[in-house]
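Following: one structure in structure tokens, then a few remarks.
Nothing in this text is a laboratory measurement; each read-out follows from the coordinates by a stated rule. Here the structure is a predicted model, which is why all the values come from computation and not from measurement. For neighbour counting, all protein chains shown are included, and Cβ atoms are generated from backbone atoms with ideal geometry for every residue, glycine included.
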Amino acid sequence: MMPPKIKIIAILICIFLLSYVFELVRRKHLTEEYSLGWLVTGAAMLILSIFEDLLKWISDLVGATLFTSTLFFFGLMFLMVICLHFSIRISALTNQVRRLTQHVAILDTEKENLRKAISDTSFEETTARRGKL
Amino acid sequence: MKTETLEPEESITSGDNPGSSREEKSSMPPVRDVLIIMPAFNEELNIGSVLKDIHKEVPEIPILVINDGSGDRTAEIAAENGAKVITLPYNSGYGVALQTGFVYAHQRKIPIVIQMDSDGQHDAKYLKALLEEVRKPDTDVVIGSRFLGSCEYKAGLLKRAGMLFFGSIASLIVGRKVTDPTSGFQAAKGKAIEFAASDFYPPDYPDADFIILLHRHGFKVKEIPVAMRPNAQNKTMHRGHKTLYYVFKMGLSIVVTLLRKKPESQ
């Protein structure tokens, strides 16, 4: 039997996490893509905290002696998956930033050259026109 | 990502077919055939004389300096000395700056690119040798090796051991001697430029892993001896990496490169 105090705390934390993630998505502080991992984690922890039998069954399955350690174990697993997901995204973003940096730099140089070329020709045009007059 | 080039005739086709199309020997090469690219980060003290030396040696070849977010007057001095300057918005590292040059050359469809370091360690005397070698039909990339030559290259003992180690691994895989995989004095031609501009390029800096990658993609890599300038040896360049991380990164990168499916060589 899980001590009722721990059960209540666990449920409260899960509910808080879920509603906070929802709120973040609603305010567009968090994209749907990233909310998925957190929502799945929160929901799973909530279900496990409410239905003790399920938790007991899983604990027996993995051979854990304490309910709480099962809970922590799965929580940790989810966090690891989320972190890996972040690392992958960061690598992709780094690549994209690199490409952007290079292209911005090249485009900037080209733009500057064009601007110079245009101002040169317009200068020549005006002097030519003046010469004609 | 292709942009229309300003240079029209002849340069369009020459990029596709390394070897067969361009072997006009001896006579002076047309100017727009070749581009020297040079990453520079806070090199205001050296870059002026480096550019002057190059200009003295090969006045017909244009130089592109990629200013890697320098905080000093690198860009101004480079421009004063007749180089075209591309400035990265912030310091991005040697590999990113260098690749910017390759991206530029690829966009412009420039058939031959030579890369040099801006700290004056490379002697412009060897530019012609490098160029002559890369123009040969069975060559895509030529590396100017500091170890093949007569000149002593001074690096930390550990770093040198690491370079030697990974160099010999690369030699084993490539089946040709690779003595100086980190050399910043290289020439590339045609498809190899496109390859260097692609996402295959290592983001931090190219090393033995990139040479293996080139080999596996069917590019012919060669080394020729170059001597380091004796007065420019004191600086350990932008590649002052932590040795342990270097060994880890290189080892992992080589293993992963080998584990990838071998592409059909062009």
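Here are some pairs, B:K136/B:K191; A:K111/B:K128; B:K84/B:K109; which of them have Cα atoms lying more than 25 Å apart in this structure? Pairs exceeding the cut-off: A:K111/B:K128.
For the pair A:T121 and A:T94, how long in nm is the line joining their label points, each one 7 Å along Cα→Cβ? Inter-label distance under the simple model: 4.4 nm.
Taking every alpha-carbon pair under 8 Å whose residues sit at least 6 apart, chain A reaches a relative contact order of 18 percent. Taking a ≥ b ≥ c as the square roots of the Cα gyration tensor eigenvalues, with a/c under 1.5 meaning rounded and otherwise prolate when a/b beats b/c, else oblate, which class fits the stretch B:30-259? Rounded, since a/c falls under 1.5. Beta bridges per DSSP, both residues in the stretch B:30-259: antiparallel share near 30 percent. Counting only alpha carbon atoms, the long axis of helix A:32-50 and the longest principal axis of chain A meet at about 10°.
Answer rounded, prolate or oblate for the stretch A:55-119, using the Cα gyration tensor with square roots of eigenvalues a ≥ b ≥ c: rounded when a/c is under 1.5, else prolate when a/b is larger than b/c, else oblate. Here the stretch A:55-119 falls in the prolate category.
Counting Cβ atoms of other protein chains within 10 Å of each residue's Cβ and taking the mean over peptide A:95-105 gives 6. By the count of other C-beta atoms within 10 Å, a proxy for reagent exposure, B:R108, A:R129 are ordered fewest to most as A:R129, B:R108. The angle between the Cα long axis of helix A:52-62 and the longest principal axis of the Cα atoms of chain A comes to about 80 degrees, rounded to the nearest 10. In chain A, the longest principal axis of the Cα atoms and the axis of helix A:4-26 are about 20 degrees apart. Cβ crowding within 10 Å, taken as a proxy for footprinting-reagent exposure, orders B:R73, A:R89, B:R260 from fewest neighbours to most as B:R260, A:R89, B:R73. Sorted fewest first by neighbouring Cβ atoms within 10 angstrom, B:D199, B:D209, B:D72 come out as B:D199, B:D72, B:D209.
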